[in-house]
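J.: Take a look at this one; I'll ask things after.
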Amino acid sequence: MPDEYLALCIVGVFLLLVVIQVIMKVRHPFRHAVGGILTGLCALAVVDLTGMFTGVSLPISPLTLGVSGVAGIPGVTMLLLLNLVFK
């Protein structure tokens, strides 16, 4: 995948998240969109770091990074449940 296409997809998804925040009439839509992305990525990092202690892990891939970035903590929870069902 060319770098320009990937960058365009990332910017498009981020703008979509900001538009959703504007529709929900959030006071600071940009800050909430960035906060949602960061909490999702931090939740994925916590699951990855504690995987050696708990035995529950998720592979770090573009798919898991995308789902956790867009959907946040519910996305990471969904990935964990799907990992449990299909493993």
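J.: Once Rh is set to the Kirkwood radius over Cα pairs, what Stokes-Einstein translational diffusion coefficient, in µm²/s, holds for the range 36-87 at a temperature of 37 °C and a viscosity of 0.692 mPa s? Intermediate results must be reported in sequence, preceding the final value.
T.: Working: Rh = 10.6 Å.
Stokes-Einstein gives a translational diffusion coefficient of 309 µm²/s.
J.: Kindly list the residues of the range 27-60 that lie in the label zone of Met78, defined by a backbone N under 14 Å from the point 7 Å along the Cα-to-C-beta vector.
T.: Those under the cut-off are 40.
J.: Run the quick spin-label model on Leu15 and Cys42: label points 7 Å from Cα toward the beta carbon, then report their separation in nm to one decimal.
T.: 2.8 nm
J.: Please work out the Kirkwood hydrodynamic radius for the chain, using every pair of different C-alpha atoms, and report it in angstroms with one decimal place.
T.: On the way: mean 1/r = 0.0718 Å⁻¹.
Radius from the Kirkwood sum: 13.9 Å.
J.: Moving on. With the crude spin-label approximation of a point 7 Å out along Cα→Cβ, what separation in nm comes out for Asp3 versus Val56?
T.: 3.8 nm
Bear in mind these aren't lab numbers, they're just calculated from the coordinates by the rules spelled out. Given the structure is predicted, the values throughout are model-derived calculations rather than measurements. All Cβ positions, even for glycine, are placed from backbone atoms using ideal geometry, and neighbour counts span all protein chains on display.
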